[in-house]
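Report on the following structure.
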Amino acid sequence: MRADELRESYIRFFVERFHIHRPSDSLVPTDDATLLFTGAGMNQFKEMLLGRGKLPFTRAVTSQKCLRTGDIPNVGRTAGHHTFFEMLGNFSFGDYFKKETITWAWEYLTKILKIDADRLRVSVYEDDQASYDIWKDEVGVPEARIHRFDAKENFWPADAPTKGPNGPCGPCSEIFYDQGPEYDCGKPDCGPDCDCDRYVELWNLVFTQFERAEGGKLTPLPSKNIDTGMGLERTLAVLNGKPNNFETELFWPIIQRIEAAARKEYERTTDVGRRMRRIADHVRAVTFCIADGVLPSNEGRGYVVRKLLRIATNDGLQLGIQHPFLHHVVDEVCKIMGSAYPEVKAREDYINKVVKKEEFKFRVTLKVGLRTLRENEATLKERGVEVLPGKILFWLHDTCGLPTEVTESSTELIVNE
Ligand code: SER
């Protein structure tokens, strides 16, 4: 299945069940000053979930552009972490609740996408007997494949009761795809809550029924709501039998562009592959940010864009690419994503210019920074020091503009953040 088909089939499935198809919100949240970037499909519906919204419908479906900065250290290292990603989601504002959400999710995965039901595992919040029973009795999932987890895994936002943030929240139920024992990390307790690549989390069904206030008090919302999020890239990888998201049609042409620039072949398990995956992810994210009006700068959202471009520039240099090339990667991103998100296609030339200029400028300081790093490394190694002193890390950051991630990926010394 192609990405466009997956997006369309999801939206069609829920429109047929009387959901209103709403466009993706901008990556810069329209109505929420508490957020740096839109990180979930529910962001644009926060007021509806809190019972204060004015939209004239109670069911919605979206394919939402999301950006999460918390996963930056994992990007390229794992099969399925991204900064920018697309979240498919269906929402109910005081309309349907657990039973429809769970049974539709199962129907969509097993009947429409035709995923083998025996490969699926589900989880519920430890106290949520109602969801457990729906999975067991209505859907017929064997109990061995229904897991109960605590609030870290099965509350959204994770651990919200104890850690926050304030706002709408609730227990959730997740659906995982088992890639098989050959992906098992070997830990005796490896299961859907393990960080390894065996179980791919496809879909999170959140039963948004509380508002959290300062101190952790959960007050029931005026109505019980639904907020679901399915990772488009992960689902596409599973449907096409790809071991990681970067080998799907959403990324592969981008990787090929990077291979051509580096005159090196992609290697799944080495540093070469890791750097190529990270460049692909970061340039895709930057392309969407600039299309939504976020330009590289030294603070806030703009700094995230600058940092992602700097990490990608460094990866390019480490792959042996001697000239600015990230703007060519932008072209590939626009080609792949332009039909679903016309705003990136419409601003392609502009994005291309911004990226080219930023990479050009940073390459100059990066070379100075890396030279300084090498000199310090040599002296430190002679003295038997294994950890890069914080003051050098800071100096590289402050004077040469090297984000910690860049220093970390360019040195053999240990970098403690
Ligand atoms: N808000 C939930 C999540 O981000 C479900 O969409 O996982």
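Loop sites only, by DSSP: take the chymotrypsin sites (Phe, Trp or Tyr not before Pro) in the chain that have at most 13 other C-beta atoms within 10 Å and name the longest stretch containing none of them. Looking at the chain, 58-417 is the longest stretch - no exposed chymotrypsin sites (Phe, Trp or Tyr not before Pro) with at most 13 other Cβ atoms within 10 Å.
Near H81, the amide H atoms lying under 5 Å from its own belong to G76; only residues 5 or more places off or on other chains count, and H is placed 1.01 Å from N. Each of L380, L218 was scored by other Cβ atoms within 10 Å of its Cβ. Listed from fewest to most, they are L218, L380.
The label-point distance for A260 and L295, in a model that sets each label 7 Å from Cα toward Cβ, rounds to 3.0 nm. Its Cα gyration tensor gives the range 299-382 an equivalent ellipsoid. The semi-axes, each the square root of 5 times an eigenvalue, are 31, 13, 10 Å from largest down.
Taking the inverse of the mean reciprocal distance over all distinct Cα pairs, the Kirkwood hydrodynamic radius of the range 370-417 comes to 10.5 Å. The equivalent ellipsoid that matches the C-alpha gyration tensor of the range 185-312 spans semi-axes of 33, 24, 15 angstrom, in descending order. For the range 227-306, what does the relative contact order come out to in percent, with C-alpha contacts under 8 Å and a separation of six or more? Once normalised by length, the contact order is 14 percent. For K357 and E382, a Förster radius of 45 Å and the Cβ-Cβ distance give a FRET efficiency of 0.70, rounded to the nearest 0.05. Taking the alpha carbon gyration tensor of the range 1-127, multiplying each eigenvalue by 5 and rooting it gives semi-axes of 23, 22, 15 Å, largest first. For the chain, the longest principal axis of the Cα atoms and the long axis of helix 3-15 meet at an angle of about 30 degrees.
Taking the longest Cα principal axis of the chain as reference, the axis of helix 271-291 is set at about 70 degrees. Dipole magnitude for the range 1-108: about 140 debye, using +1 per Lys or Arg Cβ and -1 per Asp or Glu Cβ, origin at the Cα centre. Every Cα-Cα pair of the range 95-251 was included, and the share exceeding 27 Å stands at 26 percent.
Given K187/K391; K46/K152; K136/K224, which pairs have Cα atoms separated by over 27 Å? From the list (K187/K391; K46/K152; K136/K224), the Cα-Cα distance tops 27 Å for K187/K391.
For the chain, what is the relative contact order in percent, using Cα pairs closer than 8 Å and at least 6 residues apart in sequence? Result for the chain is 13 percent.
Maximal additional length on extending the E47-Y350 stretch stands at 105.7 nm, based on 0.36 nm per residue less the C-alpha distance. Length, then width, then depth: along the principal axes, the Cα atoms of the range 265-315 run 34, 18, 12 Å. Taking the Kirkwood radius as Rh and the Cα radius of gyration as Rg, the range 107-148 has a ratio of Rg/Rh equal to 0.98. Here the range 57-141 yields Rg over Rh of 1.02, to two decimals, using C-alpha coordinates and the Kirkwood radius.
A convex hull fitted to the Cα coordinates of the chain yields 154 cubic angstrom per residue.
Taking the Cα centre as origin and putting +1 on Lys and Arg beta-carbons and -1 on Asp and Glu beta-carbons, what dipole magnitude results for the range 324-401, to the nearest 20 debye? The dipole of the range 324-401 has a size of about 220 debye. Counting only Cβ charges, +1 for Lys and Arg and -1 for Asp and Glu, the dipole size of the range 122-219 around its Cα centre is about 280 debye. Here the relative contact order of the range 21-177, from alpha carbon pairs under 8 Å that lie six or more residues apart, stands at 17 percent. In this calculation the C-beta distance from I112 to D197 is compared with R0 = 30 Å, giving a FRET efficiency of 0.75. Could you work out which residue, out of P220, P171, P161, moves most in a Gaussian network model of the chain, that is, has the largest mean-square fluctuation with Cα springs under 10 Å? Sorting by GNM fluctuation, first place goes to P220. Under a straight-distance cross-link criterion of Cα-Cα below 18 Å, which lysines are reachable from K357, leaving out those fewer than 8 residues away in the same chain? Reachable lysines: K307, K367. Using the reciprocal of the averaged 1/r over all distinct C-alpha pairs, how large is the Kirkwood radius of the range 135-223 in Å? The answer is 14.6 Å.
Potential lengthening of the chain between D133 and D150 amounts to 4.4 nm, from the contour at 0.36 nm per residue minus the alpha-carbon distance.
Every read-out reported here was derived from the displayed coordinates using simple, explicitly stated rules and does not represent laboratory data. Because the structure is predicted, anything quoted here is derived from the model rather than measured. So basically every Cβ, Gly included, is an ideal-geometry build from the backbone, and we count neighbours across all protein chains shown.
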